[in-house]
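Colleague: For reference, the structure I am asking about is given below.
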There are 2 protein chains.
Amino acid sequence: MKKAVEPSAERPLRAADRIRASASELFYREGIRAVGVDEVVERAGVTKPSLYRSFASKDDLAAAYMRDYDLDFWEKFENPGGKSYSDPREHVLAYIRVLSTRAVREGYRGCGLSNATIEYPARDNPARQVAEAHKKLFRKRLRELASNMGARHPAVLGDALLLLIEGIYSTGQQSEDGPAQSALTVAKMLIDASVAKG
Amino acid sequence: MKKAVEPSAERPLRAADRIRASASELFYREGIRAVGVDEVVERAGVTKPSLYRSFASKDDLAAAYMRDYDLDFWEKFENPGGKSYSDPREHVLAYIRVLSTRAVREGYRGCGLSNATIEYPARDNPARQVAEAHKKLFRKRLRELASNMGARHPAVLGDALLLLIEGIYSTGQQSEDGPAQSALTVAKMLIDASVAKG
DNA sequence: GTGTATACGTACCGGTCAGTAACATTGTCA
DNA sequence: TGACAATGTTACTGACCGGTACGTATACAC
């Protein structure tokens with residue numbers, strides 16, 4: 001049998017992957033602009049040309065970071081705390097519970113996608129474009145969940161939850177002991193006020 | 001009568017002030033890290049040594065930008081749309097109305113203070129410190145207004161409003177036609193659900 | 001072994017960035 | 001007129017940053 005020419009699984013971990021991992025960690029913690037490519041490759045234990053063989057530019061690497069972040073996000077959102085939920089209300093509340101717990105811990109750095117949007121105001125930036133596409137989908141998903149909850153105005157409840165969640169991302173970086181600790185209560189208020197009673 | 005030695009009012013506008021104005025505009029629009037000192041002085045119509053005669057470093061200039069922003073913010077917050085309000089509920093709603101109108105317009109760039117916190121994750125950064133102090137005060141002020149509204153739990157309503165407002169700042173940059181358009185409705189929901197009826 | 005492809009490293013380039021030194025110019029007030 | 005304060009002019013530095021030209025090591029094919 002011919003040895004499979006799969007683009008290599010296992011193995012000590014290829015340079016490109018080490019770079020992705022290193023970039024994800026550094027870009028999230030310090031911000032994309034603040035981190036130089038030298039720092040990325042050093043932490044990855046590889047050299048610069050290896051980076052530019054797999055990524056066309058730093059912008060391209062940043063976009064890859066965004067895509068990785070996006071994947072990771074959906075895993076966390078759809079299975080908050082590692083569990084899956086059938087009830088949309090419990091689903092959203094579980095995500096917010098897990099999120100707001102993380103958000104009040106020291107060193108929390110918010111949502112990498114939202115942060116990138118702030119670091120790169122230019123619409124045509126590749127990283128920003130990934131982030132924008134993500135947020136569009138996230139909004140749609142929240143609206144869907146709001147609808148499944150039986151909200152009178154799913155669009156409004158969806159937006160309310162999105163505003164709340166983005167508020168958690170943002171204030172979580174501003175201080176520990178921040179408003180995120182009230183987030184779960186607020187989420188319940190919003191849902192209960194939006195869903196027809198009885 | 002001796003001519004007052006006020007630190008100079010009127011006059012064609014001093015270099016330091018032109019620099020502050022230029023920096024404020026550029027830092028807000030493009031982000032602090034993205035703007036070089038050369039660009040700041042060029043727009044101000046002055047030269048680099050003038051900048052460094054009035055500011056110790058770029059970080060110091062960024063901190064000055066934060067202080068200017070802070071002043072401007074409180075003016076906008078306490079007198080939304082140029083009017084003053086005695087009723088706390090109307091006051092907050094007026095701010096959110098004006099804010100969310102701005103936030104759905106193209107080119108909106110959110111809150112300069114929140115953005116700086118994201119650009120500078122390090123706690124000891126001078127600009128970030130100004131931003132953090134500001135947010136602490138803002139939270140306190142919102143709690144105060146929530147209390148004046150007669151909220152059952154002023155801390156919770158204050159935090160809810162803060163989360164909402166930060167959510168507007170953030171999502172306003174992500175797209176026009178964004179969730180900010182629902183913000184006023186959401187604010188009313190939050191307040192009504194938090195204030196004892198009857 | 002020799003060819004070939006893959007994966008990686010060494011060393012460097014040009015540009016930009018924050019910050020400065022030294023000196024010239026202007027306006028104001030006495 | 002003379003002194004002082006504020007600003008402009010020019011030119012420079014050293015660090016960093018994104019990006020690249022080019023050489024090297026390993027492994028498999030025949």
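The values are calculated or read from the model by the stated rules, or taken from the named source; none is laboratory data. All values reported here derive from a predicted model rather than from experimental measurement. All Cβ positions, even for glycine, are placed from backbone atoms using ideal geometry, and neighbour counts span all protein chains on display. The area values use the complete protein model at the heavy-atom level, side chains included, leaving out ligands, DNA and RNA. Shrake-Rupley method; radii C 1.70, N 1.55, O 1.52, S 1.80 Å.
Colleague: From the convex hull of the Cα coordinates of chain B, what is the mean projected area in square nanometres?
Modeller: Averaged projected hull area, Cα only: 14.4 nm².
Colleague: Quick one: accessible surface of A:R97, probe radius 1.4 Å, all protein chains present, in square angstrom to the nearest 10.
Modeller: Here the residue's solvent-accessible area equals roughly 100 Å².
Colleague: With charges only on Cβ, +1 for K and R and -1 for D and E, what is the dipole size of the protein assembly as shown about its Cα centre, in debye, rounded to 20?
Modeller: 280 debye
Colleague: Could you order A:M66, B:M149 so the one with the most accessible surface comes first? Probe is 1.4 Å.
Modeller: B:M149, A:M66
Colleague: With all pairs of different alpha carbon atoms counted, what Kirkwood hydrodynamic radius in Å does the stretch A:100-198 show?
Modeller: Here the Kirkwood hydrodynamic radius works out to 14.5 Å.
Colleague: I would also like to ask the following. Multiply the residue gap between A:S147 and A:T47 by 0.36 nm, knock off their C-alpha separation, and tell me the result in nm, one decimal place.
Modeller: My answer for the length gained is 31.0 nm.
Colleague: Also, quick follow-up: Assigning unit charges at the beta carbon (Lys, Arg +1; Asp, Glu -1) and nothing else, what dipole magnitude in debye, to the nearest 20, does the stretch B:13-55 show about its Cα centre?
Modeller: The calculated dipole for the stretch B:13-55 is roughly 160 debye.
Colleague: Taking the Cα centre of chain A as origin, work out the dipole magnitude from +1 charges on Lys and Arg Cβ and -1 charges on Asp and Glu Cβ, in debye rounded to 20.
Modeller: 460 debye
Colleague: Using +1 at the C-beta of Lys and Arg and -1 at the C-beta of Asp and Glu, which of A:T101, A:M149, A:Y65 has the Cα lying farthest in the positive direction of the dipole of chain A?
Modeller: A:M149
Colleague: With runs of 4+ DSSP H residues as the only contributors, calculate the mean residue ellipticity of chain A at 222 nm using -39,500 (n - 2.57) per run, divided by the residue total and rounded to the nearest 500.
Modeller: -22000 deg cm²/dmol
Colleague: Moving on. Ignoring ligands, DNA and RNA, how do A:E75, A:E42, B:E119 rank by accessible area with a 1.4 Å probe, largest first?
Modeller: The ranking, largest first, comes out as A:E42, A:E75, B:E119.
Colleague: Over chain A, what relative contact order in percent results from Cα pairs under 8 Å that are six or more residues apart?
Modeller: Normalised by residue count, the contact order of chain A is 20 percent.
Colleague: Within 13 Å, Cβ to Cβ, of A:I96, how many net charges do the neighbouring residues add up to if Lys/Arg are +1 and Asp/Glu are -1?
Modeller: Within the 13 Å Cβ shell, the charges total +3.
Colleague: For chain B, take the longest principal axis of its alpha carbons; what is the angle in degrees between that and the long axis of helix B:183-194, to the nearest 10 within 0 to 90?
Modeller: The angle comes out near 50 degrees.
Colleague: If I model a spin label as a point 7 Å beyond the Cα along the Cα-Cβ vector, how far apart are those points for B:L13 and B:R109 in nm?
Modeller: It is 1.7 nm.
Colleague: Moving on. Can you report the principal axis dimensions of the protein assembly as shown using only the alpha carbons, biggest first, rounded to whole angstrom?
Modeller: Largest to smallest, the principal-axis extents are 104, 66, 33 Å.
Colleague: Right, something else. Pairing the Cα long axis of helix A:58-78 with the longest principal axis of chain A, what angle in degrees results, from 0 to 90 and rounded to the nearest 10?
Modeller: 40 degrees
Colleague: Hey, another quick one. Distance from the Cα centre of the stretch B:120-171 to that of the stretch A:137-198, in angstrom?
Modeller: Each part's Cα centre sits 18 Å from the other's.
Colleague: Something else now. Which whole number of Å³ per residue matches the convex hull of the alpha-carbon atoms in the stretch A:13-55?
Modeller: Here the figure is 57 Å³ per residue.
Colleague: May I pose another question? For B:F55, what accessible area in Å² do you get when you roll a 1.4 Å probe over the heavy atoms of the protein chains, rounding to the nearest 10?
Modeller: My reading of the accessible area for B:F55 is about 10 Å².
Colleague: Further, regarding this structure: Suppose the Debye formula is applied to equal point scatterers at every Cα of the stretch B:152-198; what is log10 I(q)/I(0) at q = 0.18, 0.21, 0.25, 0.32 Å⁻¹?
Modeller: -0.56, -0.69, -0.87, -1.14
Colleague: Still on this structure: Could you pull the accessible area for B:T185 with a 1.4 Å probe, rounded to 10 Å²?
Modeller: About 70 Å², ignoring ligands and nucleic acids.
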